[in-house]
Structure formats: C-alpha cells, structure tokens
Amino acid sequence: MKTVKIVTDSTADLPPQLATELGITVVPVYLRFGDDVYRDRVDISEDEFYQRLLCDPIHPNTTQPTPQDFTEVYQKLSQEADGIISIHVTSKLSGTCNSALQGKELVKKGCPIEVVDSRVLSMGLGLLAIAATTIARSGNSLQRMVADVEQVVSSIRLLFLLDTLKYLALGGRIGNVTALLGSILNVKPLLTIKDGELVPAGRVRSRAKGISKLFDFVKNAVDIQDLAIVHATTPDEAQTLTEHIASVFPKERIRLARVGPALGVHSGPGTIAVTFREKAQLGMRD
C-alpha cells in the first residue's frame with residue numbers, strides 16, 4: 001500500500017490549517033437557518049454562526065453531507081491514492097457514516113475505500129484522524145491500517161462542559177442526558193461519550209468547578225499520546241485551562257481547537273471540552 005488518504009467530516013473540529021498540513025480532507029456538514037443553507041466553516045465562520053445562534057429567532061439544524069459529496073471527494077482522491085480511510089462522527093448521533101458508505105458504493109472506479117465509525121465527535125474524532133495519518137504511512141496493508149485505526153478508536157477519551165442543556169434539547173439530541181434535566185437550574189452539565197452516545201458525566205455548580213473537573217480528567221489519565229482543548233466562544237478560558245494542564249502534560253503538545261457550527265448547534269456557546277488519546281496497542285491483528 002503506497003499512498004493512503006484520510007477523510008473526515010467537519011464535526012471533527014480540526015483547525016483548517018492543521019488539516020491542510022496533514023493532508024486530511026474534511027467534508028463539511030450542512031447547516032440550516034430556515035431557508036438559508038451553509039456548509040460548515042466554508043460558507044459560515046464560527047464567529048458568524050455563534051452570533052446568529054444567539055440573535056436569530058430561528059434555531060438552526062444540521063444535515064450530514066450527501067452521498068454525492070462523498071463520491072466526489074473519493075473520486076478525486078482516488079486519482080492519487082492507493083487507498084482511502086474515511087473516518088466519521090459517531091453513527092449513534094449522525095447519519096454521516098451512512099452517507100459515506102453510500103458515497104463509496106457510487107464510486108465506479110478507483111482505489112479501495114474503508115469507512116470507519118469513530119464512535120466519538122469533535123476533536124476526539126480530530127485526534128483519531130490525526131493518528132490515522134501516521135498509521136497511513138506505515139506501509140501496511142489497508143486492512144491492517146483500518147484495524148489499527150479501530151484500535152485507536154477505543155483509546156479516545158472526551159469530556160464536555162456545557163453552559164446549558166438548552167441547545168441539546170432544541171436540537172433534539174438530548175437522548176441519554178434527559179436525567180440531568182430535572183435539576184438543570186443553576187448547574188453546569190458535564191457530558192462524555194460512551195459506546196458512541198452522549199451520556200451524563202456529572203454536574204457542577206459553577207464553571208470554575210467544571211474547569212477543575214476537566215483538569216482532573218487529564219491529570220488522572222494514563223499514558224496520554226495526544227491532547228486537545230476545544231472551546232466554542234471562550235478562548236481566554238481555553239488558554240487558562242491550557243496553562244493549568246501544562247503542569248501535567250507538555251504545553252507544546254496541547255492542541256487548541258474550536259467547536260464549529262455543526263456541533264455548536266447542539267452544544268451552544270460557552271462549551272469547552274478536553275479530549276485525549278491514550279496509548280493503543282497497534283499491529284496486533286491483520
């Protein structure tokens with residue numbers, strides 16, 4: 001296997017410059033404010049989105065990329081690749097994986113394509129895509145590479161601090177988090193991902209206590225290989241958390257990213273998260 005290309009979607013919250021540097025192709029999710037349709041981070045920026053989210057009486061919704069979107073990406077990449085690994089947001093919360101699989105079937109000729117359900121989102125997915133770029137240079141068979149990516153999936157950890165559950169409820173993605181609604185007043189919910197679904201991870205009375213929980217999440221981890229802090233609208237808070245985490249993890253290896261429109265619809269302003277990848281045993285199977 002000579003050249004393997006990595007594809008993901010915009011829910012990965014990968015900083016565009018980093019995606020370009022690593023050669024990761026990002027397929028944008030669609031965002032709709034009424035009749036206005038935008039491609040995530042292509043037709044609308046994060047700042048524009050959050051301003052409109054707060055001011056527009058119409059609550060937006062999102063739609064996964066179409067199968068044709070994926071087909072076009074795959075066909076273009078297949079001209080210069082021997083294989084494609086397409087890694088996407090958890091199928092428990094989005095139809096993006098299904099669109100990618102349908103898009104794969106529409107590719108008439110070209111290199112082999114493998115679609116992977118990340119079972120995570122945001123920079124948890126981003127870290128997985130980053131790890132996949134290293135795996136793609138291993139020289140192994142495509143099947144071995146996909147097996148290694150699957151091993152990394154189980155090593156991703158993610159903890160979100162939301163300012164409110166309002167936006168999850170508006171977006172209809174509240175799911176297993178409904179248990180928190182009974183005491184939502186004056187608390188800040190913490191959420192994590194388990195088996196591809198959002199689940200409660202606790203609640204705190206203040207953002208300061210929530211930030212402390214994010215720090216403890218990192219401090220108590222084992223053998224972190226890569227780490228990212230993701231914020232929606234609070235860059236100063238993210239920078240402060242970076243300085244704090246630098247006491248237990250090298251500051252120069254902390255990645256900073258932003259919750260984009262595709263996820264911001266559901267998490268809302270004020271969201272901040274930490275995600276990291278622990279060491280995984282690769283190359284254990286063919």
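The values are calculated or read from the model by the stated rules, or taken from the named source; none is laboratory data. Here the structure is a predicted model, which is why all the values come from computation and not from measurement. Because the Cβ atoms are built from the backbone with ideal geometry, glycine has one as well, and the counts that use them run over all protein chains shown.
Return the only residue of LEU142, LEU101, LEU93, LEU180 being in the same structural domain as ILE24 (by TED's automatic domain parsing), farther than 21 Å from VAL222 by Cα and either touching a Lys or Arg at 6+ places or on another chain (Cβ under 6 Å) or at pLDDT below 95 (or both). Explain how you work it out, then say what you get.
Numbers: LEU142 fails: either touching a Lys or Arg at 6+ places or on another chain (Cβ under 6 Å) or at pLDDT below 95 (or both); LEU101 fails: either touching a Lys or Arg at 6+ places or on another chain (Cβ under 6 Å) or at pLDDT below 95 (or both); LEU180 fails: in the same structural domain as ILE24 (by TED's automatic domain parsing).
Unique residue meeting the criteria: LEU93.
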**Asked** Condition test on GLU243, is it surrounded by fewer than 20 Cβ atoms within 10 Å (Cβ to Cβ) and within 16 Å of LEU190 (Cβ to Cβ)?
**Response** no
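Can you confirm whether VAL120 is in a loop (DSSP other than H, G, I, E, B) and within 19 Å of VAL218 (Cβ to Cβ)?
Working: in a loop (DSSP other than H, G, I, E, B): yes; within 19 Å of VAL218 (Cβ to Cβ): yes.
Criteria met by VAL120.
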**Prompt:** For region 204-240, how many residues are touching a Gly at 6+ places or on another chain (Cβ under 8 Å), modelled with pLDDT of 95 or more, among the aliphatic types (A, V, I, L, M) and within 20 Å of LYS188 (Cα to Cα)?
**Reply:** 1
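Only residues that are of a type outside the set (A, V, I, L, M), under 30 Å from ARG137 (Cα atoms) and not in a loop (DSSP other than H, G, I, E, B): list them for region 40-82, please.
The first filter runs over region 40-82 and keeps only residues of a type outside the set (A, V, I, L, M), leaving 40-41, 43, 45-52, 55-57, 59-72, 74-76, 78-80, 82.
In the following step, the residues that additionally are under 30 Å from ARG137 (Cα atoms) were identified as 40-41, 64-72, 74-76, 78-80, 82.
ASP40, PRO67, GLN68, ASP69, PHE70, THR71, GLU72, TYR74, GLN75, LYS76, SER78, listed by residue number.
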**Fill in**
If we keep only residues of region 138-170 that are outside any loop (DSSP other than H, G, I, E, B) and among the acidic types (Asp, Glu), then the residue surrounded by the fewest Cβ atoms within 10 Å (Cβ to Cβ) is GLU150
**Prompt:** From the set of residues in region 6-30 that are more than 22 Å from ALA273 (Cα to Cα) and among the hydrophobic types (A, V, I, L, M, F, W, C), which is surrounded by the most Cβ atoms within 10 Å (Cβ to Cβ)?
**Reply:** ILE6
**Message:** Looking at region 45-55, can you tell me whether even one residue there is within 14 Å of PRO261 (Cα to Cα) and among the aliphatic types (A, V, I, L, M)?
**Reply:** yes
**Request:** Quick one: THR63 ticks every box in (1) in contact with a helix residue (DSSP H, G or I) (Cβ under 9 Å, 6 or more places away or on another chain); (2) surrounded by fewer than 18 Cβ atoms within 10 Å (Cβ to Cβ); (3) at pLDDT 95 or above except a single one, so which number is it?
**Result:** (1)
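Residues to consider are ASP13, ASP56, ASP40, ASP69; find the one that is touching a Gly at 6+ places or on another chain (Cβ under 9 Å) and on the phi > 0 side of the Ramachandran plot. Reasoning before the result, please.
Numbers: ASP56 fails: on the phi > 0 side of the Ramachandran plot; ASP40 fails: on the phi > 0 side of the Ramachandran plot; ASP69 fails: on the phi > 0 side of the Ramachandran plot.
Within the list ASP13, ASP56, ASP40, ASP69, the selection yields ASP13.
Mind listing whichever residues of region 189-212 are farther than 20 Å from LEU127 by Cβ and outside any loop (DSSP other than H, G, I, E, B)? Even if it seems obvious, please write down each step before you answer.
If we filter region 189-212 for residues that are farther than 20 Å from LEU127 by Cβ, which is where we start, we get 189, 200, 202-212.
Correct list: PRO189, PRO200, GLY202, ARG203, VAL204, ARG207, ALA208, LYS209, GLY210, ILE211, SER212.
May I ask you to verify whether LEU106 is without any contact (Cβ under 8 Å) to a residue 60 or more places away in the chain and surrounded by fewer than 19 Cβ atoms within 10 Å (Cβ to Cβ)?
Details: without any contact (Cβ under 8 Å) to a residue 60 or more places away in the chain: yes; surrounded by fewer than 19 Cβ atoms within 10 Å (Cβ to Cβ): yes.
Yes.
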**Residue, farthest from the chain's Cα centre (by Cα), within region 83-98, restricted to residues that are surrounded by fewer than 24 Cβ atoms within 10 Å (Cβ to Cβ) and in a helix (DSSP H, G or I)** = ASN98
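For region 264-286, which positions are in a helix (DSSP H, G or I) and either more than 11 Å from SER122 (Cβ to Cβ) or modelled with pLDDT under 95 (or both)? I'd like the intermediate steps shown before the answer.
Of the residues in region 264-286, the ones in a helix (DSSP H, G or I) are 264-267.
Within region 264-286, VAL265, HIS266, SER267 meet the criteria.
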